[in-house]
Amino acid sequence: MEMNTCKYCNEQINGNYCSNCGKPAILKRIDGHYIIQEIGDFFIANKGMLYTIKKVLISPGKSIRQFISEDRYRFVKPVTFIFITSLVYTFVNQIFSLGAGDYYQQSDVLAETVNLIFNWMLIEYPGYSGIIIGLFMAFWIKIFFRKYDCNIFEIFILICFLTGVTTLFISVVAIIQGITHLKLLQISSYLVAIYVIWAIGNFYDKKKVGSYLKAFLSYLLGSFVLGIIITIVGTIIDTIV
């Protein structure tokens, strides 16, 4: 019997699949069956998407803890979740051509580069910038909730899920604003903050008021420290240029 070499791990293959990495010995050509399978996978992913949105929105603490320690199959993977929701936001933002004034009050006091950075974070890529903000928040979350057995990577998973949901929420608000011309996006930023604070407290101990206070401080300090860094960097850039 002819022996093939696996293209992925260079092991000898005796059969249809590699015994070492599990990859197929021969990659099938793309045909009608492949396209049908891809469409099927898309709808299965959508089911997971709807399930993830529902669970993280209604019961974030229980759902994300479930993903971390019990069941990772019914949820969309957190990084994939952010990627998809960010694409949705980008699509919505392009349709309605929303600008900085739709999201927040611009300040003439801030340096030009600082305003550009905030525009990039809040308008162009809120999903990805949410991860950046989340990393600063994660530092304070780890400090305030240090007695809980939760490492920094698990906190990152928490932030990813919350960022995905809030990005999708902003997308929905942007659609409503684009249709009705009501100034809703500036208000939505406060709702996003409230949701994130509630979700973090809910993740750790939803029965304790102190959990929500710690979550509020984590959100406040994380945003404040990042804002200070952006202001310093932007001012330095403008001074040099």
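The values are calculated or read from the model by the stated rules, or taken from the named source; none is laboratory data. Since the model is a prediction, treat every value here as computed from it, not as a measurement. Positions of Cβ are generated from backbone atoms using ideal geometry, with glycine treated the same way; all protein chains shown enter the neighbour counts.
Given the structure, is K206 more than 21 Å from I159 (Cα to Cα), in the same structural domain as F136 (by TED's automatic domain parsing) and surrounded by fewer than 16 Cβ atoms within 10 Å (Cβ to Cβ)? So K206 fails the test. Going by the conditions given, is K214 touching a residue at least 60 places away in the same chain (Cβ under 8 Å) and in a loop (DSSP other than H, G, I, E, B)? So K214 fails the test. In this entry, G48 passes the filter for residues that are modelled with pLDDT of 70 or more and surrounded by 10 or more Cβ atoms within 10 Å (Cβ to Cβ). The residues on offer are I200, I170, I187, and the sole one that is more than 15 Å from L57 (Cβ to Cβ), assigned to a helix (DSSP H, G or I) and not acidic (D, E) is I187. Candidates are the residues of the range 53-81 that are modelled with pLDDT under 85 and in a helix (DSSP H, G or I); the one that is farthest from the chain's Cα centre (by Cα) is T80. Condition check for D149 on (1) surrounded by 12 or more Cβ atoms within 10 Å (Cβ to Cβ); (2) more than 18 Å from the chain's Cα centre (by Cα): one failure, at (1).
Considering I175, I194, I159, the condition of being free of Cβ contacts under 8 Å to residues at least 24 places away in the same chain and assigned to a helix (DSSP H, G or I) is satisfied by I194 alone.
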